[in-house]
Amino acid sequence: MDDSAIIELFLARSEQAIRELDGKYGKLCHSLSYNILHSRQDAEECVNDAYLGTWDAIPPARPNPLLAFLCKIVRNLSLMRYHADRTAKRGGGSCAVALEELEDCLASPRTVEGDLEERELVRLIEGFLDTLPPENRVLFMRRYWFSDSCGEVAARTGLSEKNVSVRLSRIRKQLRHYLEERGVM
Amino acid sequence: MNGTKLLDSLEYISPALIEAADEPPMRQRVIWFKWGGLAACLCAITAVFALRTPQGGPGGLVFSTNPSASPSVSDGPQESASQPVDRPQELTSDTYSSLEELLIYLRFHEVHRNDQDNAASRPKLTGKEGAGADSAWQAGRDVVSYEGTVYQIIKGDPLYNEHYVAIFRDGAETGRVDLDTPPEALYLTDGKLIVVGRRQGGMEPDLEQKDYGTAVMVYDLSDPRKPVQTDVFHQRGGWAACWVSSGRLWLVTLDGVCACGYSRLADLDDYKPRLAHNGEAVPWPEEDICILGEPTQVKYAAVSCIDLEDGTVLRKLACYGDISDVYFGEDWFALVTQSAVEGGAYSLQTVYTFDGGMSFTGKCDMAAVFGLEGTGKLAKGEAAPPEYPDVKAVARADGIWRVVGEYVQNSKTGGTKELFAVAYDPDGPRPITMERLRLPVERFTIDDVLWEEDRTVISTGTGQTGALAFAEFSGTDISLLAGELTCDRVQGVDGIYWYGSPLGHIKPFIPLGNGLYLRYNGTPDGLDLYDLSDSASPKCLYQSSGDIPEGARLDFDSRVIDESTVAVKLIPQARANSYYGREEVCTWAIVTVDLDSEGTGAAVRFWDRQFPVTGTDPTDFNFFEPSDNR
């Protein structure tokens, strides 16, 4: 079923909308949430909460693309849960590793100190991603947005895990350089 | 700045990048071709082997009957056994651990409002909206003018942290009112400018933030060019409703455990109402607290009434209960509890009513009205009762409370709904009257309710089709009518989806008076004109033929200038779906209505010229001189 038909089901307040949503994007959502939380139970709950959020949002929203809309909710809920969990334990999920990698990218917290707002940062990152070849852009997004592990990225792209790791390392260096040039660091 | 912030900031990244990253990669296709032939051969050999050998027989393939031994495709990612994760239970008292559980919940309570996001929870259509009346006292505005000076919230990118109200004279910005809270709505009364904003950390409400709440800032406009702050009020909780009436400001905030069970704070003692005036705490004694019913959650609505002349807090009341919706009028308010399935029990809605003195005037128990069990226990796996009323709007007129909603009758095949209206006179000999009406469509949703003096216009919809129904009230007598007129369904017009948009979605109806209403029509984009003076035969006098200027869409604001002139806000089509947007991209346009001599038809015309939105209050438009079209 295409996205517009699913949205129509939401607008008609049909429960089938959630089933169709789950059927079409459930696996991706679970994977996204699981990569962050590393807990199948938590991922299941986050995904279901995201379905509920979608149910609440449509109507009036008519998200286009639906996939990005849903994934953003899943990701946000998962990150919220992740941060809550982290107060009780140090997580071992790929999200934590992804975080540590990006910490290296922004090594000097003193230089920014919150002066740059998130939104501006996003614009910079989008500008940076524009400079990358499409394949590297996908690598970055899969690793840092979908929180895929290097192995999963490798399996998806057909590259070797080592190659993915090296490429990501270079991308991070480029990002750091890019942000430094623009006075973020 | 750290990795967490960077990772979090990716939330706002372009959806196009997300979609692109989820597309099947080209390289994978190469791999498929490489191994596809071999896989196909293997499949063929397996198929031949399977066909020749009876399954389960001697030498046959034996599959495990233990489901756990063979993960299914739909199982999703498997949890790592080496890294057990204990989730803090106190944060998730009521999440949906399975899809079925969620569906059972939704089946019982179709529209679940997530009160955790109080920033997004706005009251439904509230109070009476007289024909042609300016309802700014109810919802506030983002632009108001006083003695030639225009005050406007500029909806820039909130991440720039520009918290101010801009001051304009003759279309030019002459100053700003700097704020430490993002402004959400402006009210104007008796030479006072009132700015209401939400006090929270960032894009999402930080529920653990100590000063999380709603701020009301009062400015004296003795010199309109230089507003002077006289009072600041801060009330804990998310903004649920705010209105200004007779020089008094009413503020309702909701706080406590949300419907999804997330607690704001671990210590329940912190779930107490707090109000501060100019930084000093205003005592909130026990006598200003009441408990509605038997709450299942620690949740309350705090209501304050403030005299804007001298900043005195006249009255306040905190009502604890499973409150989900707030309705209000100039001198009354009503709190509606939620239908809920909680921990093996269910409960139906109750409407609690209060007068302007914040005295409790009575309750309308919806279960009693419909002869249902109001609360009950549920065995494990048992679904909640399939029939329940769902209140959609409450108002009061002449001391009689009016309630409109949907009566839901669920079944395995989907079920039906009926429209219902209730009149509740707490002091009358026959306190409650109820009428139900089955509409031509089995499943519908009430999209909007417009209160008139003795009548309620109910906008319903299913799919893309909208329809009108009417509830006529005379004392406690009710007459429900389903209009045969169908129209394009409108649930609100998409404007700039901006965080904390002060006015939210526009109401489908723009009342012109004398039973005439403009109503938004999405296909094609424009305004239809309806004559609803006779409930039995509502008429469409004009149907839009795509009147909105090319490349533009209607935004969420409108202003009735007189009975035949309306100002509507337009936004460029290209920006209509933008989550963020500068206000400068919008314009005000003028719509004029010309009825024909027999009153059976009309022309609706958009003015050629448009007015810039920044620094312009539509009530000040000069209709006789050409706009400078800045």
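Quick one: what pairs do we get from the stretch A:12-35, first residue more than 7 Å from chain B (Cβ to nearest Cβ), second crowded, with 19+ Cβ neighbours inside 10 Å and β-branched (V, I, T), C-beta under 6 Å, 6+ apart or different chains? Close Cβ pairs satisfying both conditions: A:A17/A:I6; A:E20/A:I6; A:L21/A:I6; A:C29/A:V47; A:C29/A:V74; A:L32/A:V74; A:S33/A:V47; A:S33/A:V74.
Residues of the stretch A:27-38 being surrounded by 21 or more Cβ atoms within 10 Å (Cβ to Cβ) and on the phi < 0 side of the Ramachandran plot, which ones?
Residues of the stretch A:27-38 surrounded by 21 or more Cβ atoms within 10 Å (Cβ to Cβ): A:29-30, A:32-38.
Within the stretch A:27-38, A:C29, A:H30, A:L32, A:S33, A:Y34, A:N35, A:I36, A:L37 qualify.
Sub-6 Å Cβ pairs linking a first residue in the stretch B:596-607 that is closer than 18 Å to B:S545 by Cβ and of a type outside the set (F, W, Y) to a second residue that is surrounded by fewer than 13 Cβ atoms within 10 Å (Cβ to Cβ) and at pLDDT below 75, at least 6 apart or interchain, number zero. Here the condition is being crowded, with 18+ Cβ neighbours inside 10 Å and part of a helix (DSSP H, G or I); of A:R137, A:R170, it holds for A:R137 alone.
What's the total number of residues in the stretch A:144-174 that are within 12 Å of another protein chain (Cβ to nearest Cβ) and of a type in the set (A, V, I, L, M)? So the answer is 5.
Looking for something within 14 Å of chain A (Cβ to nearest Cβ), buried (at least 20 other Cβ atoms within 10 Å of the Cβ) and in contact (Cβ under 8 Å) with a residue 24 or more places away in the chain - is there at least one such residue anywhere in the stretch B:423-442? For the stretch B:423-442, residues within 14 Å of chain A (Cβ to nearest Cβ), buried (at least 20 other Cβ atoms within 10 Å of the Cβ) and in contact (Cβ under 8 Å) with a residue 24 or more places away in the chain: absent. Taking the numbered list (1) at pLDDT 85 or above; (2) facing chain B (nearest Cβ under 7 Å) in turn, A:V47 passes all entries but (2). It is to be established whether one or more residues within the stretch B:262-269 are crowded, with 16+ Cβ neighbours inside 10 Å and modelled with pLDDT of 90 or more. Checking the stretch B:262-269: not a single residue is crowded, with 16+ Cβ neighbours inside 10 Å and modelled with pLDDT of 90 or more.
Those strands (runs of 3 or more DSSP E) of the stretch B:375-490 in which 3 or more residues are of a type in the set (A, V, I, L, M) occupy B:387-397, B:400-409, B:416-424, B:432-437, B:445-451, B:465-474, B:477-488. Considering the stretch B:445-466 alone, what residues qualify as being more than 18 Å from the chain's Cα centre (by Cα), buried (at least 22 other Cβ atoms within 10 Å of the Cβ) and within 20 Å of A:L9 (Cα to Cα)? The answer is B:G466, and nothing else. Apart from one condition, B:S222 fits all of (1) polar (S, T, N, Q); (2) closer than 27 Å to B:T312 by Cα; (3) at pLDDT below 85; the exception is (3). Determine, yes or no, whether A:P59 is at the interface with chain B (Cβ under 7 Å from one of its Cβ atoms), over 22 Å from B:E406 (Cα atoms) and in contact (Cβ under 8 Å) with a residue 24 or more places away in the chain. Here the answer is no, as A:P59 does not meet what is asked.
For B:Q200, the criteria (1) more than 26 Å from A:R123 (Cβ to Cβ); (2) of a type outside the set (F, W, Y); (3) at pLDDT below 80; (4) surrounded by 21 or more Cβ atoms within 10 Å (Cβ to Cβ) hold in every case but one, which is (1).
The values are calculated or read from the model by the stated rules, or taken from the named source; none is laboratory data. Computed from a prediction, not measured in an experiment: that's the story for all the values here. So basically every Cβ, Gly included, is an ideal-geometry build from the backbone, and we count neighbours across all protein chains shown.
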